[in-house]
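Below is one structure, written out as structure tokens; comments come after it.
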Amino acid sequence: MTDKYNMPDERGHFGPYGGMFVAETLMEPIRELNEAYQRYIDDPDFIAELDADLQDYVGRPSPLYYAERWSKALGGAQIYLKREDLNHTGAHKVNNTVGQALLAKRMGKTRIIAETGAGQHGVATATVAARLGLECVVYMGAVDVQRQALNVYRMKLLGATVVPVESGSKTLKDALNEALRDWVTNVDNTFYIIGTVAGPHPYPAMVRDFQAIIGREAKQQCLAQVGRLPDALVACVGGGSNAIGLFYPFIDDTSVKMYGVEAAGDGIETGRHSAALCAGRPGVLHGNRTYLMADDDGEIIETHSISAGLDYPGVGPEHAWLKDTGRAEYVSITDDEALEGFHALTSMEGIIPALESSHAMAYAMKLAPTMTKEQIIIVNLSGRGDKDMHTIAQREGIKL
Amino acid sequence: MSRLAAKFAELKQANRKALIPFITVGDPNPEFTVPMLHAMVAAGADILELGVPFSDPMADGPVIQRASERALAHKMSLRKVLALAEEFRQTDKKTPLVLMGYLNPVEMLGYQAFADAAHKADIDGVLTVDLPPEEAAECVELLKEKGIDQIFLLAPNSTEGRVKKMDAVGSGYIYYVSLKGVTGAGHLNTADVEAKLAEIRKNTSLPVGVGFGVKDAQTAKTVAAIADGVVVGSALISKIEENLANPQKAKDEIVELLTSMRLAMDS
Ligand SMILES: Cc1ncc(COP(=O)(O)O)c(C=O)c1O
């Protein structure tokens, strides 16, 4: 028996990755946050409230659905979809925002801030803020405000203030910078809900723990429905929260292979992608050490992906560790391949996936035929595709 | 004794406070920087903070963010900053130089290569905004071997324990950030700063420079009365931004502002 996986250490390190690389003004707030998180994550009242919210508000458990027709067509492994698209607000993001919002409430914070790329995390944050009656400010790159107009409107309806960020590349990383600047300025009353497993410790561990409900359910459901563990897990990786949520409860089950799928954009060889693990290198950004897309001088490179939610130059530090140790494998899928995945699931199963999730679908299409019919793949369907109708129509030359 | 320690000792002897201007290297263009640095020394600067531009300056307000963007548009980089520092040193062997920036450019170079290059450029101190002492052990060690001081920030919400930590790990001076916020923000509250400095001094004998919110001769004078050094950044860079079409005018206005600060601090 090998030792049980037990990462990170008490200062948030996953081997050389993770940590707390922030300006001094944020050291005290993240210490305070970590203390609260450590206290409540084992507190029966907190867990009971969280579980009730996940059941009655989010709609959990989400089903594990056997994609029978698609599996047969592919002619290899049997594909099961973890239906995070059926959650309230339409993606896995809400698992985390519900958890962090409860923490914010316990800590007596009255104001919530968040960054968002595709807008899914912004919507999930605005949603829980509305429910708890908390002020909510969402930072969003000006470019993303343009390409995700529908989600901007949703956030506004929910009562959030959406601040377009005009600095840098005007996308997700710049929204994160701006949210950090807000937090430094308003630390006393403000709780920063980060949307993925990035940021300084304790965020990568905390967001993972809130998202791990995905993998815990999937494991139980697979055992109940099939009678054994799956052979492989597949999930897309932007910052890496839906992937780590699925992977984490399986890390010690070494027979289960894990594949994280990054966005290859126009193709890794073109340089226009956002595949930090596949094509980047270690560095420090947004509070942690991890794989990054940076040039030789250490400046962060602009990323590209058809899906705004994967358009981020970093990745959660735990994925960097899982890559280096070989426990998980990281692969990439181009924009064109993702679109094929999108259409395959839509036409074969009547499920319209988010463009982010379509990357996982596209990789499953490659993987399944290399496996036997007796084998099982669980693919994380992290979100639904309604938000992407405009992008896809435009890409395919259709006027709505 | 390091150049920084010697400078603070000399100032103490003369009963004066350090005037520490910050500019982003390469803003508005690389040719501007070295003459500007010399002019700032002539105007009474004691220590120079050289801002290393970074694509994602998380702790900076809009003024320094835009300075970074202008410098990066000229392909400024950590290596080029060091080259310009070396150029400055050819005619000024005395004024301490402190690099101020973010960690990722240093990570890409590698800590050892960075320490070597900084030593070669005759840099005296390094202040890395997103490198708290908890993560700094390796970097501090390598810089120390080269006689370079690692300078740390303290903030209004830093606890007593953290002051002790900075005292143990840091050297040169401590940079006290006068307010919760980003560079260029708001007004500093003198009474708050004074109270916090008294607390800090209980746990360190390092000199303390105060920055964030120093805008003019009056604020410089106020801060000089309670701190060992006065750091001014955004107010200088605003002059560059207001005169992008006329860098000479920017330089003159920066000299004028620093001169007025020096006068006010010494009177
Ligand atoms: C549906 C969906 N899947 C995946 C992601 C990527 O984030 P992560 O890698 O943190 O799961 C996003 C981000 O916006 C998303 O909306």
When the stretch A:294-313 is examined, which residues are found to be within 11 Å of the ligand (Cβ to nearest atom) and either within 14 Å of chain B (Cβ to nearest Cβ) or part of a loop (DSSP other than H, G, I, E, B) (or both)?
A:SER305, A:SER307, A:ASP311, A:TYR312
Among the residues of the stretch A:85-120, the number that are within 14 Å of the ligand (Cβ to nearest atom), in contact with a strand residue (DSSP E or B) (Cβ under 6 Å, 6 or more places away or on another chain) and more than 14 Å from chain B (Cβ to nearest Cβ) is 6
Picked from the stretch A:128-137 (must be buried (at least 24 other Cβ atoms within 10 Å of the Cβ) and either under 26 Å from A:ASN380 (Cβ atoms) or basic (Lys, Arg) (or both)), the residue nearest to the ligand (Cβ to nearest atom) is A:VAL128
Those residues of the stretch A:105-118 which are within 20 Å of the chain's Cα centre (by Cα) and within 17 Å of A:VAL184 (Cβ to Cβ), in sequence order:
A:ILE112, A:ILE113, A:ALA114, A:GLU115
Please tell me if A:PRO200 is away from the ligand (no atom under 16 Å from the Cβ), more than 26 Å from A:ALA23 (Cβ to Cβ), of a type outside the set (Asp, Glu) and assigned to a loop (DSSP other than H, G, I, E, B).
no
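Conditions tested, residue by residue: (1) touching a His at 6+ places or on another chain (Cβ under 8 Å); (2) more than 16 Å from the ligand (Cβ to nearest atom); (3) modelled with pLDDT of 95 or more; (4) under 27 Å from A:ASP174 (Cβ atoms).
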position: A:ILE268; (1), (2), (3), (4): no, yes, yes, yes
position: A:ARG272; (1), (2), (3), (4): yes, yes, yes, yes
position: A:ALA275; (1), (2), (3), (4): no, no, yes, yes
position: A:GLY280; (1), (2), (3), (4): no, no, yes, yes
position: A:LEU292; (1), (2), (3), (4): no, no, yes, yes
position: A:ALA320; (1), (2), (3), (4): no, no, yes, yes
position: A:ALA328; (1), (2), (3), (4): yes, no, yes, no
position: A:LEU355; (1), (2), (3), (4): no, no, yes, yes
Single residue of B:GLY161, B:GLY170 found to be surrounded by fewer than 24 Cβ atoms within 10 Å (Cβ to Cβ) and in contact (Cβ under 8 Å) with a residue 24 or more places away in the chain:
B:GLY170
Given (1) outside any helix (DSSP H, G or I); (2) within 15 Å of the ligand (Cβ to nearest atom); (3) more than 20 Å from A:ILE306 (Cα to Cα); (4) in contact with an Asp or Glu (Cβ under 8 Å, 6 or more places away or on another chain), A:ALA179 misses just (1)
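Residues are listed down the side, and each one gets a yes or a no for (1) in contact with a Phe, Trp or Tyr (Cβ under 9 Å, 6 or more places away or on another chain); (2) on the phi > 0 side of the Ramachandran plot; (3) more than 14 Å from every other protein chain (Cβ to nearest Cβ); (4) part of a helix (DSSP H, G or I):
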{"site": "A:GLY19", "(1), (2), (3), (4)": "no, yes, no, no"}
{"site": "A:LEU26", "(1), (2), (3), (4)": "yes, no, no, yes"}
{"site": "A:ILE30", "(1), (2), (3), (4)": "yes, no, no, yes"}
{"site": "A:ILE47", "(1), (2), (3), (4)": "yes, no, yes, yes"}
{"site": "A:LEU50", "(1), (2), (3), (4)": "yes, no, yes, yes"}
{"site": "A:GLN55", "(1), (2), (3), (4)": "no, no, yes, yes"}
{"site": "A:ARG60", "(1), (2), (3), (4)": "no, no, yes, no"}
{"site": "A:LYS72", "(1), (2), (3), (4)": "no, no, yes, yes"}
List pairs: first in the stretch A:270-284 and away from chain B (no Cβ under 13 Å), second polar (S, T, N, Q), Cβ under 6 Å, 6+ apart or cross-chain?
A:SER274/A:THR303; A:SER274/A:SER305; A:ALA275/A:SER332; A:CYS278/A:SER332
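The values are calculated or read from the model by the stated rules, or taken from the named source; none is laboratory data. The shown structure was predicted, so the numbers you read here are calculated from the model rather than taken from an experiment. Glycine gets a Cβ as well: all are built from the backbone with ideal geometry, and neighbour counts include every protein chain shown.
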